[in-house]
Amino acid sequence: MRPKSAALRNNRLVFRVYSLEKKAIELAAEKSGLGVSDYIRRSCLGQTIHARLSPEELDLYRLLVEYRNNFSRIRNLVKDQQDITADLKQVIASIDKHLKKFTL
């Protein structure tokens with residue numbers, strides 16, 4: 001748990017929205033795993049808001065990490081065969097590029 005800040009949020013900001021806008025904000029906050037207040041605060045302050053990954057996406061991410069590690073091991077086993085090594089380096093680089101999208 002994050003330690004409490006010395007500065008308290010004791011100011012209140014109220015604004016009106018249409019019911020459709022309210023629902024859209026609530027859904028976006030839910031997708032990101034934030035409360036509505038945190039979502040609006042971060043959004044207005046220009047902070048990056050990441051969507052929460054679904055369990056299926058997390059499983060796929062773990063599988064991709066496992067594939068990347070396996071390809072690295074294969075590359076280390078066949079260091080002398082340059083044609084295979086170059087192909088494996090490309091595959092590993094491609095996987096790394098996709099994994100960077102998930103790292104925060």
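Here is how the numbers come out for the structure above:
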{"item": "Flag if Arg16 is loosely packed, with under 11 Cβ neighbours inside 10 Å, free of Cβ contacts under 8 Å to residues at least 40 places away in the same chain and not in a helix (DSSP H, G or I)", "result": "yes"}
{"item": "Looking only at the stretch 8-40, and only at residues there that are among the charged types (D, E, K, R) and more than 19 Å from the chain's Cα centre (by Cα), the one that is nearest to Lys101 (Cα to Cα)", "result": "Glu26"}
{"item": "Val91 vs. criteria touching a Phe, Trp or Tyr at 6+ places or on another chain (Cβ under 7 Å) and in a helix (DSSP H, G or I)", "result": "yes"}
{"item": "In the stretch 26-79, the residues that are loosely packed, with under 13 Cβ neighbours inside 10 Å and of a type in the set (D, E, K, R)", "result": "Arg52, Glu56, Glu57, Asp59, Arg62, Glu66, Arg73, Lys79"}
{"item": "Residues satisfying the stated conditions in the stretch 41-68, i.e. within 14 Å of the chain's Cα centre (by Cα) and among the small types (Gly, Ala, Ser)", "result": "Ala51, Ser54"}
{"item": "Residue in the stretch 83-94 that is modelled with pLDDT of 85 or more and of a type in the set (Asp, Glu) present", "result": "no"}
{"item": "Output for the stretch 73-82, where each listed residue is at pLDDT below 75, part of a helix (DSSP H, G or I) and among the basic types (Lys, Arg)", "result": "none"}
{"item": "Some residue of the stretch 62-71 being outside any helix (DSSP H, G or I) and either of a type in the set (Val, Ile, Thr) or free of Cβ contacts under 8 Å to residues at least 12 places away in the same chain (or both)", "result": "no"}
{"item": "Qualifying residue in the stretch 27-41 (condition: closer than 30 Å to Arg12 by Cα, free of Cβ contacts under 8 Å to residues at least 60 places away in the same chain and in contact with a Gly (Cβ under 6 Å, 6 or more places away or on another chain))", "result": "no"}
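The values are calculated or read from the model by the stated rules, or taken from the named source; none is laboratory data. Treat the numbers as computed from the prediction; the structure is a model and nothing was measured. Please note: Cβ atoms are built from the backbone with ideal geometry, for glycine as well, and neighbour counts cover all protein chains shown.
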